[in-house]
Structure formats: structure tokens, C-alpha cells
1. What nm value, rounded to one decimal, do you get for the distance between residue 758 and residue 809 when each label is placed 7 Å out toward the C-beta?
2. Which far-off residues, 5 or more places away or on another chain, put their amide H under 5 Å from the one on residue 877, with H placed in the peptide plane?
3. Using θ = phi - 60° and the Karplus relation 6.51 cos²θ - 1.76 cosθ + 1.60, list the HN-Hα couplings for the range 880-893 in order, rounded to whole Hz, with x at every Gly or Pro.
4. Can you pick out the pairs among 22/351; 521/632; 515/635 whose Cα atoms lie more than 19 Å from each other?
5. Using the structure shown, select from 751/810; 285/880; 371/507; 751/846; 675/751 the pairs with a Cα to Cα distance greater than 25 angstrom.
6. May I ask you to compute the full-extension gain from residue 711 to residue 155, defined as 0.36 nm times their residue separation minus their alpha-carbon distance, rounded to one decimal in nm?
7. Residue by residue through the range 695-704, what is 3J(HN,Hα) from phi via Karplus (6.51 cos²θ - 1.76 cosθ + 1.60, θ = phi - 60°)? Round to whole Hz and write x for glycine and proline.
8. Among DSSP bridges having both ends in the chain, what percentage is antiparallel? Round to the nearest 5.
Amino acid sequence: MSQVSAHPFAATLKSFRTKSGKTGQYYSLPELAKKYPNVGRLPVSLRIVLESVLRNCDGQRVNPQNIEALAHWAPNAERTDEIPFVVTRVVLQDFTGVPLLADLAAMRSVAHSLGKSPKTIEPLVPVDLVVDHSVMVDHYGTPKALDLNMKLEFQRNNERYQFMKWGMQAFDTFRVVPPGFGIVHQVNLEYLARGVYKNANDMAKAPVYFPDSLVGTDSHTTMINGIGVVGWGVGGIEAEAAMLGQPVYFLTPDVVGFELSGRLREGVTATDLVLYVTNILRAHKVVGKFVEFFGPGAASIPVPDRATIGNMAPEYGATMGFFPVDEATVEYFRGTGRTDEEIELFEAYYKAQGLFGMPAPGELNYTQIVKLDLGSVTPGLAGPKRPQDRIDLGALAHKFADLYSQPVSANGFGQPAEQLRQRHVLPLVGESAEQDPKPTQPGAPMPVVEMEANRPSPAAAHVGDTAKSAPSSAVTIGNGDVLIAAITSCTNTSNPSVLLAAGLLAKKAVLAGLKVKPHVKTSLAPGSRIVTEYLEKAGLLTYLEQLGFYLAGYGCTTCIGNAGDLAPEINEVITENNLVCAAVLSGNRNFEARIHPNLKANFLASPPLVVAYAIAGNVMVDLMTQPVGKGKGGKDVYLGDIWPSAKEIDANLRLAMNAKAFRANYDKVRSEPGKLWTSIKGVTGQVYNWPTSTYIAEPPFFEGFAMSPPEAAAGVKGARIMALFGDSITTDHISPAGSIKEDSPAGRWLKEHGVMKADFNSYGSRRGNHEVMMRGTFANVRIKNLMIPALPDGTREEGGVTLMQPSGEKMFIYDAAQKYMAAGVPTVIFGGEEYGTGSSRDWAAKGTQLLGIKAVVARSFERIHRANLVGMGVLPLQLKGNDSWESLGLTGSEVIDVVVDGEIEPQMDVRLMIHRSAGAVQEVAVRLRIDTPIEVDYYRHGGILPFVLRQLLD
């Protein structure tokens, strides 16, 4: 029997024809709808998933029952079925990609040691790694910044890049986009995504075509949803399984329809829109759901704006923020340099599948519908600690002043109100304002600005009280001062309209005589080389540079904590006076200590607003009513005077969509990757030799590996509590991220291994070394372990410390973990709502496992982190009803048992036994958040990595 007839739905294999007469075959959803009429009313995103399930139905990974269950999707049914979704490809960024490559290399080492071919371990789908997270803004405000930062990047990351070069030659389906080309999501949109793919198929006369789909090791993989591609972020653990042929398993989702109508008003940007959408959808609790945009308003939104909205799906909690394919998508493909043949196939395929065009209201079934009139959106920012906390532009000054004295529990800063307006003199460190306005060396001090006698500094003049004792030539620093202003992150650097708006505003500001305040660290880090090309053609880059926004790098910088340090003098003034200073960035993440450990207030804003606040210098300047600054002749200049019109932006947009420029740029990925990349020499061979390195080390996850899974009892016995955490503990709090402190366990380990402080680099760059990463887990400077008693003033100590039990001795969490493991004592962690929200950091789960933590008990979990915990063999347990560790009266001194009665089943109830110091025992029912049958298998095997390795080697 041929393979065609063996397929249980062979009758759905049909042919389609392009405009030029080329033919191809495809698994037809309209044909499937003849048997299951409900298919025609499924959300577009679900139909694309259904196509993958249909095409990959082999009776093993995917069964006919999976097709039938998804074809019968009902908008409000109970979600118990899991979908085996086989993706087309996998995308990695370098921070998460390097440990994934290390895991693959370790698997090859295991295969080699067992006498099996190392080539057994090979990605079965195309894998692209884009190096975009390693550049840091050490140099800024100078034409040499890009060159200097890239040289530093290669110097710091030579060992990592050598390892990537080994991976490129060892694996047939593993490609690398070198540093300096852009942010992974922008490169994915502009270059990697091809729309429709094909299989060389022996069972058919013509190739079988299918739509692009993917998972990526970055939460914001969802930016690709803007061009109709189904894809989302997963941890490196899940991505690795997908690479090695495993379906991505997930529960059948609810799909929220988001109906857009109307048009944005003059002066409202795509960033304003996405912050509005984020705020609305967070309130609708769309965590774990698909969001699909439709309606005439969605059709009117340009593709870069759609990508901006899709990018922020992790911030509003959804798995995806999806826009169906339509004419605008086709034009975007054409403008970004895809070939005529690709575009023709893309359009013909989607039309044949009935997937082309923006759905109209009432056309499809959704779990619920959210509506927004685009005309109601107003300018705004988000912060100071979470991306969903939107603030109207005109309310920011008042909001900051209010939060300054609000308690931390109310999202405030808990500072005495009378200190809000105080300013503090920065030590005199410069010569004159007539010299270079920005330092050219990393960490160099800010220059002072010469002021007229008896006139306060510019920043002081805007916020009220002045530092009366300050010399006339001194720069003063105070609460609310903008110390970092960064045009950065995939969110907005995908979007020509807001970048051109920033350039136009800069031009008007320069011509009006405005300057950026001297204490502001400015940077421009676009997502693609194309950005600087069209800014140059529009004549706008020079004006950004005159305001200090020189090109600092092509990559993910400030948004992930790669902003580089502030001047030592500024850091000293902030810490000595406990100042609440600010960053304003065009990013998507602003969690505590993410941007800079000393900046407590971080606001997400559109690129033109980033420039405006750099000029204003302080977030307590009300840009809606107060001048941005003083221009020529001391004249007040207001935001309305320099804000670009839609007509001015549109006049330059044609420069941003040049197909020839896109093709020429991305041809260089292979032909001219750059001298720095070409000079990197990696080892060769199919098995990595694991040279001694503080960057790359053989991971310990396969130690003692055997072909049969261990027979370990489910549950946990006699565990001590490592930490009691509050709500919204993010993966930034858990996973090592940002700079490495010298006195931390990781810093001590590096010094013991001969690494100087200046060469510590960041945690992200050292993700390939578990010794560093496990020492940095739960080491965030802002994390608060509520086991530690409150200080006399009611505040909580910050930093990754715990109280060792039963002695009560305070120490780093890492040090306590070593003592517990040496004594054979398991540990558990308790958290609140949204535990593990934030970036898809696999080390948040890997580090948890390596510290001997056997279970995490929380009120709710973020989707990716929950899956990653299961993937590392850690039990996620969800408290029920109104239960919380506070209501249970936990102090951290208790001993915990987790009792599983019988065999593990998905989402079963298990018993939490709390043994108190006085001898009392309390039993509490909790939900085991192992959600699907395949996750049960992962847990039984000790995690997803040994499970997959056993399958590959069997």
C-alpha cells in the first residue's frame, strides 16, 4: 500500500495552482470541512494548527482522534484535549540558544559513550540562531559607539562564538545569523520567514506545501504573528524537543477575538496602541489563550503595527496575538524582498486553504469577543514596574509623584513624600559643556554643564525645589530624573512609522535649539540595519545623533539589561540618597532591576516620546502642559511644537520598504558576515571536546543516564522551605540575568577561577555554564524572600537570601541549597499569583532543579515557566480557592510533604502536608499542574531532555 492511501485522511490531499500556472499539493482544510463543517468557522489561527495536525497524522505522534477533536473545537468547551503541534522550524536567540546547543552537544557525548552514532542527535526541522543579545551599550553618544561596542562584544564572547561555529559544522540543519544584523524577531520577520514551505514528497507527484509555523526561545517570538504565522515563545527545553522531532503539546486553547474598528487619531502611535491593548487584555485575563484580531480596524493596521501588537502578547499574557494573512501581508513580503515566486506561492496557498483575508465581524466563532475603537486610543506610557500598567501621557508626572510615597505593596516606592523634590549635586567631573557632550569610554563620568550664575540646573528647574547650595556649574540629580533614554527592543524597531517619528521629532527639536539633559544616557539600537539606512535616506539620523542618539548596536540592548552601566558618580549619588530615578525606553519589559539595578522606575514609551523625555530630563515634567525645554533665545518649546504629523511620517515611509535594500542586506548573512565573525575559529568534529571554559561547560542533566527511566517515587518527603515569595515573581527574579555582583556566589566562583571583575560579563552571556547559572538563580538584587522578617521601618530586605532551617541562619539561597543537598534534604518554594511571568528563560527552571528544589507551590503560574518546571522534573503545584501561603500561616520553619495518591494523572489533586514546629500537621489539597499526558511521561523520565534522548537512542 502506498503512503498516500495509508494516510487516514488521504482524500484531503489536493492540488492548487498559482497565477503563473505552477502546481503544488496541500492538505486541504476546505476538503476536511466537508466531513467536519465546523472547520469553516474555526478561528484562522486554529485552522493553521489543524493543518499541521492533519498533515502529520501518522498514527504515532499524531492520531486521527487529534484531528477530530480539534475539528470539533467549541468556543466555550472544557479544555481537556491536548494538541500535538509539529512546527515547521525553530528560532533561537543566542542567550537561550547557547545552553540549548550545549544540551545537544551533551546528548551527542552520551550517544558516543554508549557506542551509538553521534549523528543520531540531529535537529529534524530547520533551526536558526540569531546572535542579538550579546551587545551591550558600553560606548554611546559618539560616532564610534557601534564599532567599539561590537569589538567589546566579540572580545567578551569569543568562547561562545567558537562554540556556535562548532555547532554550525556539526549539525546539518543548524544555521547562525551573526552579530550585527539585528534583533531575532526583526530578522525573523524580514528574512527567515518565507510564508509557505514544502516537503520533497515521495508519495505525491508534486511537493506538498504547508504554512510557516514555529516556536522560539524568546517570549516575543509572537512578533511573527503579525504576518499570519502561528508561533510563540517556549523555553529552550521545549524548543529542543521540537527540534528533535517532538510535537509541541498544548491544551486546546480558548481563542479570544479582538474586534478592531475605526482608525488611530493624529499623533497616536503604534506604541500607544499596543500599550492600550496590553492593558485591556490583561484585564480580560487572557493568559494561556490565543488572541486573534479581526474586523475593519485590523485590516487598516499596517503590518509593522500588527507585528508590534503581536510582539507584546507575553505582556498581555496570551500565547499569541495573531493577525490573519491578507493583501497587506503580501505587500509586506514584497516590500521586504521576498522573491516573486515565493509571494505567488504564498498568496495562492492561503487562498486555496480559505485562509486569506481579514475576517469580518460574525464570520468566525470565538470564545469571547473584545472590542476596541482605534479612535479612542490616546498617547501613553507603561510602568514603572510592569508593562501592563498603562498611564496616560498627561497623567505621568502626577502618577510618579503619587507612587513615590505609596507603599511598595501598592506598586509604589515607599519613600518619604518630603524628599521627592530634593536634588543632589553630582561631583564635578567635566571641563565644559562645549566639549563632547557624551563620554566615549564605558563607565566614564558625565560632563557638567556650565550654567549662568544663580540659575538652577535644567532638571532642577523642571521639578520644583533646587539644590540651592549647588555651584552654578554643577549638575544635580534628583528623583524622577531620566538617566537612560533608549530607542531599543523588537517592539518598536520593527516599526518604521515610530522610528521615523523619532527622527522627525529630533529634527524639529534640534532646529528649535533643544538639547538633551547632560545626565541622560542616550542610545539607538535598531532591530535591523535597514532602519539606519532609511533614517539616513530621510536625512533624520544626523538629528538623532545631535541629540546623543548615536547608533550603539544592532540588537536587544536596554530592554534585556544590556544598557551598560551609568557613571560611577551617578550610581553613588543614587545609592547614597536612595533616589528613584528613571529609564524611558521603547521596549517591552520594565520589571524591577531589569534595565539597571539602580533605576527603580522604568517606563515603556514610543521612540518619539523617548527622545522627548531625554530632552525634558525628568518624568515629572508634564509634557501635555509644560515645555519640553527651552530653545533658541530661551523660548519655551512644547511637545506640540515638535511632534511630527502623520503626513510628515507618511511622506518618508516609502523609504522603509525597499525590496532591493532588504535583499542586499540579508545576502550578507552568508557572503559578508563581517571580519569579526569570520575571524572566529571553532573546533571541528561531530562530538564537542568540552575545553575548559567559564562560558561553556558540559551540562549535568545527563549524569548517570541509563536507557531505562529511574523508578523514583512521586511526591516529596521531608522538604524544607527555601523561600516565600509574593505575587508577580518574574523569570527575571528567578533566572540569572544582568550583571554579576562581585560578592555574589557566582562572582566568587568566577574569581576563584581566575576571572577578573572587569571580565565577568553578564549572566546571559554565561548561560552555557551551569556552575555560574546555578549560583545566580534567585540572586536578583530586587527579589524579596518574605521568610526574612521585615526591617524596623516595615520594608523588606532585597536580594537572594534565605533562612537556613532549623538554625535560622541567614545566607545566600545558593549556599543554603548546597547545605540542604549535602544533607539529603529536599526543598520547596512558595509563591503568589503569576509565578514565573516574563521572558521564557529556561534557566529559571534549570537553576531551580539544580538547587535541589523539588516543587513550587503558587496561586498561579505563567504558561512557559510552568511547562519548563515540568520539563526539568520539578512539580508545579497550584493552591486552590482562596488559599495562599499567607492564609496558611507559613513562616518558613515548616516541613513539607507532597503526597501523590496512586499514579500521576494530569491536573489531579495532591495532598500538601504541612508539619509545624509545634508538632501540628495540616493537610491542604493542591492542584498538580502537570497538565497533559505527555508531561506525565516527561516527569516520570526525570524531565523532557532524558525523555527525548531515550527516544532518539532507542
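1. Computed distance between label sites residue 758 and residue 809 equals 3.7 nm.
2. The answer is 856, 857, 858, 929.
3. Running phi through 6.51 cos²θ - 1.76 cosθ + 1.60 with θ = phi - 60° gives 9, x, 9, 5, 8, 5, 5, 5, 7, x, 6, 10, x, 8 Hz.
4. 521/632
5. 371/507; 675/751
6. Gain on extension, residue 711 to residue 155, equals 195.5 nm.
7. Values, residue by residue: 9, 10, 9, 5, x, x, 6, 10, 4, x Hz.
8. 45 percent
Where a number appears in this text, it was derived from the coordinates with a stated rule and is not lab data. Keep in mind that this is a model prediction, so the values were computed, not measured. Methodologically, a virtual Cβ is constructed for each residue, glycine included, from the backbone with ideal geometry; neighbour enumeration extends over all protein chains shown.
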